[in-house]
Amino acid sequence: MAIKELSRHRCFGGWQLFLQHDSAEIGLPMKLGVFLPPAAESGKVPALTYLAGLTCTEETFLIKAGAQRVAAELGLMLIAPDTSPRGTDFSGQAESWDFGLGAGFYLDATEAPWKAHWRMYSYVTKELPALIAATFPVDTTRRGIFGHSMGGHGALVCGLRNPDLYRSVSAFAPISHPMGCPWGEKAFTGYLGPDRKSWAAYDASELMTAKAHPGPILVDQGEADQFLEVQLHPHTLEAAAKASGQKLTLRRHDGYDHGYYFIQSFVADHLRHHAKLLG
């Protein structure tokens, strides 16, 4: 699990690192960003993984969200992996912005050619936690996960399927019911094939309906989000939470759109949500 440091930057008394390693799950090099708070210099700290959305990279959140100041105060390590494998030459991988490169959807593909490398679910939930634990001073009993849009979908799915791994979960404008929206139907058909029964394992509303996460989940949604009506469907999460008894706080915000100005506005609330649950 050798990891290569690409760059480091002093940031709010801690360090912002950008890294690369050869991934066994992906079968290709993967990049990620890690923010080490000042508290990491004297002991183990909780780790919070952020999953970014369509077209984003490992840099997007760490450059745009303004999260490091509050993470430094709270003593939270931030981990931001890339959004898909890179370095393949599959036909059609770069023809559209919502499928292929930058659009891994945090699942393990079963369809050719994607199944050879598009294994973002196993990368995020298995390889990445092991890599971080072997490399940095992380308290492995205190992990959380959150994300935005496609990454919000990924965070909810990873959290709901792995409650013992992720004690805290939250999301910004997640794709709440990918089985019932154009983004999800396109991605799931391409990566998982036409059998919709297999899709449910990567649909947060389906998972939440069946079983609640033991911790409370925070979701923020902008009411001026251009993707709200067609792609995001937060009402399905509310119905799922009612069905399973999930503790869900879904906040709607007038005037906010889908972008990082929205995330900047509420990222401190999410970091404090995780810090409270991680102790």
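Worth pointing out:
- Helix-only [θ]222 nm of the chain, DSSP H runs n ≥ 4, -39500 (n - 2.57) each, per residue, nearest 500: -8500 deg cm²/dmol
- Shape of region 99-239, Cα gyration tensor, a/c cut at 1.5: oblate
- For the peptides 227-233, 154-160, the ranking by packing is 154-160, 227-233, with the highest mean count of neighbouring Cβ atoms within 10 Å listed first.
- Applying D = kT/(6 pi eta Rh) to region 131-211, where Rh is the Kirkwood radius over alpha-carbon pairs, T corresponds to 20 °C and eta to 1.002 mPa s, the Stokes-Einstein value obtained is 159 µm²/s.
- In the context of the full set of protein chains, residues of region 152-197 present 31 Å² of accessible surface per residue (probe radius 1.4 Å, heavy atoms only).
- Multiplying the residue separation of Asp22 and Asp164 by 0.36 nm and subtracting their alpha-carbon distance yields 48.5 nm.
- Tensor-based shape of region 157-267 (alpha-carbon gyration tensor, a/c under 1.5 rounded, otherwise prolate or oblate): oblate
- Computed over the chain with a Gaussian network model linking Cα atoms closer than 10 Å, the most mobile of Gly215, Gly144, Gly13 is Gly13.
- Of Lys31/Lys64; Lys31/Lys276; Lys4/Lys126, pairs whose Cα-Cα distance is over 24 Å: Lys31/Lys276
- Per atom type, the chain shows carbon and sulfur on 51% of its accessible surface, probed at 1.4 Å.
- Counting only DSSP beta bridges whose two residues both lie in the chain, roughly 50 percent are antiparallel.
- Largest first and in whole Å, the equivalent-ellipsoid semi-axes of the chain read 26, 23, 17, each the square root of five times a Cα gyration tensor eigenvalue.
The values are calculated or read from the model by the stated rules, or taken from the named source; none is laboratory data. Please read these numbers as outputs of a predicted model, since none were measured by experiment. Ideal geometry is used to build each Cβ from the backbone, glycine not excepted, and the neighbour counts take in all protein chains shown. Accessible surface is based on the protein model in full, side chains and every heavy atom, while ligands, DNA and RNA are left aside. Shrake-Rupley method; radii C 1.70, N 1.55, O 1.52, S 1.80 Å.
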